[in-house]
Each structure stands twice: as C-alpha cells, then as structure tokens.
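The values are calculated or read from the model by the stated rules, or taken from the named source; none is laboratory data. What you see is a predicted model; the values in this text were computed from it and never measured. Every residue, glycine among them, receives a Cβ derived from its backbone with ideal geometry; neighbour counts consider all protein chains shown.
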C-alpha cells in the first residue's frame with residue numbers, strides 16, 4: 001500500500017495522479033478531532049496490514065485550503081471515501097472502529 005499524506009490542495013492534486021484508474025481510500029480528518037485521534041492507531045495498523053494491496057490518501061481538512069474537502073463533500077470528520085476509477089463506491093462518516101475496519105477489509109484488496 002502506498003499512503004499519500006496530502007498537506008494542501010496542490011499537494012493533493014499532485015499526489016492523486018497516482019490513483020487515476022485505481023481503487024483508493026481517502027481519509028479526511030482534522031488534527032484535534034476526538035474521533036480522528038481515537039481511530040488513528042487502528043488506521044495506522046490497517047494501513048500496515050494492507051500495505052501490499054491498497055492505495056490510501058490522507059487529507060487534513062479545515063486548513064487554509066478547502067477545495068479538496070469541498071470537492072469530496074466533506075462536512076465532518078473523520079470521513080472515509082472509497083473511489084474506484086474516479087467513481088465513489090462507498091462513504092463512511094464517523095470514527096466507529098468496526099466500520100473503519102470493514103472499509104479496509106472490503107475495499108483494500
């Protein structure tokens with residue numbers, strides 16, 4: 001798996017070129033979000049577990065750049081969006097560990 005940590009809209013656009021035509025998991029979070037902080041260890045573990053099969057992008061919302069979050073219609077964090085060949089196939093909003101794990105088990109293949 002490749003994890004691309006995107007720091008602003010320009011960085012996101014540059015790195016997202018690697019995912020064109022592929023399935024990817026997009027994780028939108030905020031630095032001080034309690035749910036985001038709570039699931040971070042699980043997220044990190046899942047990234048390691050599926051390191052050979054998945055492509056993940058992370059993006060910190062509510063920084064100076066908002067275009068990426070707006071483009072993905074992110075209204076709260078954490079938000080997970082699964083895209084396959086440019087089309088959204090799944091979305092989960094919230095930090096429920098079992099739902100986050102389910103996303104990786106189902107789509108990080």
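Yes or no: the stretch 74-92 includes at least one residue that is in contact (Cβ under 8 Å) with a residue 60 or more places away in the chain and on the phi > 0 side of the Ramachandran plot. The answer is yes; a qualifying residue exists.
Taking residue 12 as the residue in question, decide whether it is in contact (Cβ under 8 Å) with a residue 40 or more places away in the chain, farther than 19 Å from residue 108 by Cβ and over 12 Å from the mean Cα position of the chain (by Cα). Answer is no for this residue. Looking across the stretch 15-29, the residues that are free of Cβ contacts under 8 Å to residues at least 60 places away in the same chain and in a helix (DSSP H, G or I) come down to 15, 16, 17, 18.
Would a scan of the stretch 100-108 turn up a residue that is in contact with a strand residue (DSSP E or B) (Cβ under 9 Å, 6 or more places away or on another chain), exposed (fewer than 14 other Cβ atoms within 10 Å of the Cβ) and assigned to a strand (DSSP E or B)? No: the stretch 100-108 contains no residue that is in contact with a strand residue (DSSP E or B) (Cβ under 9 Å, 6 or more places away or on another chain), exposed (fewer than 14 other Cβ atoms within 10 Å of the Cβ) and assigned to a strand (DSSP E or B).
If the condition is being touching a helix residue (DSSP H, G or I) at 6+ places or on another chain (Cβ under 8 Å), modelled with pLDDT under 90, surrounded by 13 or more Cβ atoms within 10 Å (Cβ to Cβ) and assigned to a helix (DSSP H, G or I), then the stretch 30-79 contributes only 68.
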